[in-house]
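Asks: This is the structure, below, for whatever I ask next.
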Amino acid sequence: MIFKYNFIFDTKLIQNFIKNKELKILDFGCGTGIWPKNDLENRNIKKIILYDKNKKLIRILKEKYNQKKVEINFNFKNIIKKKNYNLVIMSSVIQYMSITEFKKLINIISQNKKKRKRGLFIIITDIPILPRFLEFVLLPFFNLKRFFFVFTMIFNNEYKKLNFYLHKKKDFYFLKNKFKILFAQNMHDLKYLRYSLFLKSK
C-alpha cells in the first residue's frame, strides 16, 4: 500500500524460516517497494511479483526496479491464474483488511498449493498489537522516525478514508487446518508494538 513505511526488509529471517532454494515471491500490497538491491542479487530469490491496488505506484516501481526478476503486475486475477509463486508476503497490509476480507484472500492465494513442490508459505508482518491511537502515543518511545512519518499521514485524506482493523492472534486460528502457524517478532523496525505471522501449508 502507498502508506507503507520505508524500511530495510530482513530477508535472512525469511530464509531461516522457509529454507527453500528457489523463492518465487508475491509481494501483496507492495507499496513503493521494500526490496533492497542486495536481495535482488540473492540467487535463492528467482522472482518477485509486485502487486498493489494503487495503480499510481506503477511508475514509481518501474523507476525503482528494472531487474528482470522483478515483475510489476497489478492484475491480481492474472497473478492468481499463473500461480507462479511459493511465498506470499503481506507487509503492513492486514490492518486495513477485515477478517472476512482476509479469509477470502487466503482462500484465493492458497488455491492449488499442493501443486507447489514444497508447499506455500505466507508471511504477514507489521501486525499491530494495540489500537491505532494508543500505538501512536507510544511510538515516540520506540521509533521516533516512524512517529513523524505516521504524524504526517494523519493529515492525508486518502489515509483518513482507510478502515483500521485490530487483529488478535486468536483471529488467525482458523488457519490451523491448512497451515502450520508461527508467531514471530516483527520484521519491521517496530519490534515491540507489532508482530509477524508465518504460515506454512500442511
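The values are calculated or read from the model by the stated rules, or taken from the named source; none is laboratory data. Remember, predicted model here, so these are calculated numbers, not experimental data. Note that we place each Cβ from the backbone using ideal geometry, even for glycine, and neighbour counts take in every protein chain shown. The accessibility values were calculated without ligands, DNA or RNA, using every heavy atom of the protein model including side chains. Shrake-Rupley method; radii C 1.70, N 1.55, O 1.52, S 1.80 Å.
Asks: Of the numbered conditions (1) over 17 Å from THR32 (Cα atoms); (2) open to solvent by 60 Å² or more (accessible area, probe 1.4 Å), ASN66 satisfies every one except a single condition; which is it?
Replies: (1)
Asks: Moving on to the next point. Look through region 163-199, keep the residues that are open to solvent by 100 Å² or more (accessible area, probe 1.4 Å) and part of a loop (DSSP other than H, G, I, E, B), and return whichever of them is modelled with the highest pLDDT.
Replies: So, considering only residues that are open to solvent by 100 Å² or more (accessible area, probe 1.4 Å) and part of a loop (DSSP other than H, G, I, E, B), the one modelled with the highest pLDDT is LYS168.
Asks: Within region 23-45, how many residues are open to solvent by 20 Å² or more (accessible area, probe 1.4 Å) and closer than 22 Å to ILE108 by Cα?
Replies: 2
Asks: Sticking with this structure for a sec: Would you check if there is a residue in region 6-23 being closer than 16 Å to SER91 by Cα, in contact with a strand residue (DSSP E or B) (Cβ under 8 Å, 6 or more places away or on another chain), among the acidic types (Asp, Glu) and at pLDDT 80 or above?
Replies: no
Asks: Report the residue count in region 127-162 for those that are outside any helix (DSSP H, G or I) and closer than 20 Å to MET97 by Cβ. Talk me through it step by step, then tell me what you get.
Replies: Kept after step one, since they are outside any helix (DSSP H, G or I), are these residues of region 127-162: 127-131, 143, 154-156, 162.
Narrowing the set further to residues that are closer than 20 Å to MET97 by Cβ leaves 127-131, 156, 162.
The qualifying residues number 7.
Asks: Same structure, new question: If only one of LEU61, LEU120 is over 18 Å from PHE198 (Cα atoms) and either under 17 Å from the mean Cα position of the chain (by Cα) or open to solvent by less than 50 Å² (accessible area, probe 1.4 Å) (or both), which one is it? Don't jump to the end; show me each part of the working.
Replies: Working: LEU120 fails: over 18 Å from PHE198 (Cα atoms).
LEU61 is the lone residue from the list that is over 18 Å from PHE198 (Cα atoms) and either under 17 Å from the mean Cα position of the chain (by Cα) or open to solvent by less than 50 Å² (accessible area, probe 1.4 Å) (or both).
Asks: Moving to a separate point now. Could you check PHE155 against (1) modelled with pLDDT under 90; (2) surrounded by 12 or more Cβ atoms within 10 Å (Cβ to Cβ) and say which number it fails?
Replies: (2)
Asks: So, one more: Give all pairs with beta carbons closer than 8 Å in which a residue from region 36-47 that is within 16 Å of ASN66 (Cβ to Cβ) meets a residue that is at pLDDT below 80 and open to solvent by 60 Å² or more (accessible area, probe 1.4 Å); count only pairs at least 6 apart in sequence or on separate chains.
Replies: That search, which allows pairs on different chains as well, returns PRO36/ILE8.
Asks: Next up: Of all residues in region 151-191, count the ones that are hydrophobic (A, V, I, L, M, F, W, C) and without any contact (Cβ under 8 Å) to a residue 24 or more places away in the chain.
Replies: 5
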